[in-house]
Amino acid sequence: MIDRQQGPRPRPHLDTLPAHRPGRPDYAGSFVLSANENPYPPLPGVLETALAAAGGANRYPDMATGGLTAELARHFGVPGGHVVTGPGSVGVAQSLVLAMAGEGDEVVFAWRSFEAYPVLTRIGGAVPVPVPLTADGAHDLDAMLAAVTDRTRVVFVCNPNNPTGAALRRDELVRFLDAVPAQVLVVLDEAYLEFARDAEVPDGIDLYRDRPQVCVLRTFSKAYGLAGLRVGFAIAHEPVATALRKTAVPFGVSQLAQDAAVASLCAEDALLERVESLVGERARVTAALRAQGWTVAGSQANFVWLPLGGPSVDFAAACAEAGVLVRAFAGEGVRVSIGEARGNDAFLAAAEVFRKQI
Ligand SMILES: *Cc1c(COP(=O)(O)O)cnc(C)c1O
């Protein structure tokens, strides 16, 4: 007879991961300000390029993503061998954890920060070491340094931080990098860097250049507006870059995504214009929320963070009722992506109604 206990057993690490993800909500008729997506369609010329590439969908993509890698290397002034692309920067981050950390190793990150960090760590069999943010939502670099042990293989630094929008400045980050043991890989996740306007927020690629322990993660999902095409990349020294290619899912970036990403890099003026308009909307939303009486920290990303605590879930429900989807973190706060002016207005109206009820 079949003994069910003897059947296939998933790795026990997976028991600690969420069993299912909520289905995609019904977006119809709502402003979607819950996933930090870009409200604008792909940049000029990108759709045409992508459509042309779609005609070749019977073929596998270029496994080495040669065209995109060369364009990224040129764009950022780094060796092509240091550029590793993947299916979103989350895909690259997964390759990173698999390449660097195994059973019993530790991965340090701030908390609350990007939800993927603990999940990717567990998938790799490693141990997540979350380090609480400071009271104002910033990375506590001293505490993170203190959390590094001889089991630590990777430290994720999310700059600017998702979901609080706080950003580290050059001096403090440099001091941290100088103090972290040389064998620990520091991953600077800069998914939102294009939106930072504080001149003291460093470009991680400058920090990577003479630091073999630094790896920078970037994505086409946010500023570039290609979240649906799944393309991101790492810039890392050897031997990390080579290891990343080994652990990547083969053919993980479609030709459509590769070509669209190249076309996006070539549309820089339009990109800067869109980012600037979102930065302007961020200032407008922040000021309007403060005028309504909310506490809102300044954000360096394409979202704002309301540290509401208890009422967070109710607030998000009230927004949804008013046709605006925002992201609640129960008991902590609400993250609201900056959208087009109409969506932001609808959110501000919902926030004002809620404010008057509490
Ligand atoms: C959105 C986001 C990413 C990028 O995700 P993709 O997989 O590239 O879409 C990476 N890191 C952080 C912190 C993010 O918020």
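The values are calculated or read from the model by the stated rules, or taken from the named source; none is laboratory data. This is a predicted model, so every value here is computed, not measured. Reconstructed Cβ throughout: ideal geometry from the backbone, glycine too, with neighbour counts over all protein chains shown.
Of the strands (runs of 3 or more DSSP E) entirely within region 294-358, those holding at least 1 residues that are of a type in the set (D, E, K, R) and closer than 14 Å to Ala35 by Cα occupy 327-329, 333-337. Residues in region 206-252 that are within 11 Å of the ligand (Cβ to nearest atom), out of contact with any Leu (no Cβ under 8 Å at 6 or more places or on another chain), part of a helix (DSSP H, G or I) and touching a residue at least 60 places away in the same chain (Cβ under 8 Å): Ala227 alone. Condition check: modelled with pLDDT under 95, out of contact with any strand residue (DSSP E or B) (no Cβ under 6 Å at 6 or more places or on another chain) and not in a helix (DSSP H, G or I). Does Asp150 satisfy that? For Asp150, the condition - modelled with pLDDT under 95, out of contact with any strand residue (DSSP E or B) (no Cβ under 6 Å at 6 or more places or on another chain) and not in a helix (DSSP H, G or I) - is not met. In region 179-189, the condition of being under 18 Å from Val216 (Cα atoms), assigned to a helix (DSSP H, G or I), touching a helix residue (DSSP H, G or I) at 6+ places or on another chain (Cβ under 7 Å) and within 16 Å of the ligand (Cβ to nearest atom) is met by no residue. Of the residues making up region 38-85, those that are on the phi > 0 side of the Ramachandran plot and within 16 Å of the ligand (Cβ to nearest atom) number 1. Residues being modelled with pLDDT under 95 and in contact with a Leu (Cβ under 8 Å, 6 or more places away or on another chain) are represented in region 34-41 by at least one member. Restricting attention to region 106-127, the residues being under 15 Å from Cys158 (Cα atoms) and part of a strand (DSSP E or B) number 5. Does region 251-268 include one or more residues that are under 30 Å from Glu332 (Cα atoms) and surrounded by 20 or more Cβ atoms within 10 Å (Cβ to Cβ)? The answer is no, given that none of the residues of region 251-268 is under 30 Å from Glu332 (Cα atoms) and surrounded by 20 or more Cβ atoms within 10 Å (Cβ to Cβ). Using the structure shown, decide if Val157 is within 16 Å of the ligand (Cβ to nearest atom), aliphatic (A, V, I, L, M) and under 13 Å from the mean Cα position of the chain (by Cα). When the stated conditions are applied, Val157 passes them. Each residue in region 100-115 was checked for being of a type in the set (D, E, K, R) and in contact with a Leu (Cβ under 9 Å, 6 or more places away or on another chain), and 1 of them qualify. The residues on offer are Ser30, Ser34, and the sole one that is outside the structural domain of Lys246 (by the TED database) and away from the ligand (no atom under 16 Å from the Cβ) is Ser30.
Taken over region 120-147, the criterion of being surrounded by 18 or more Cβ atoms within 10 Å (Cβ to Cβ) and out of contact with any helix residue (DSSP H, G or I) (no Cβ under 8 Å at 6 or more places or on another chain) is satisfied by Leu133, Gly137, Ala138, His139.
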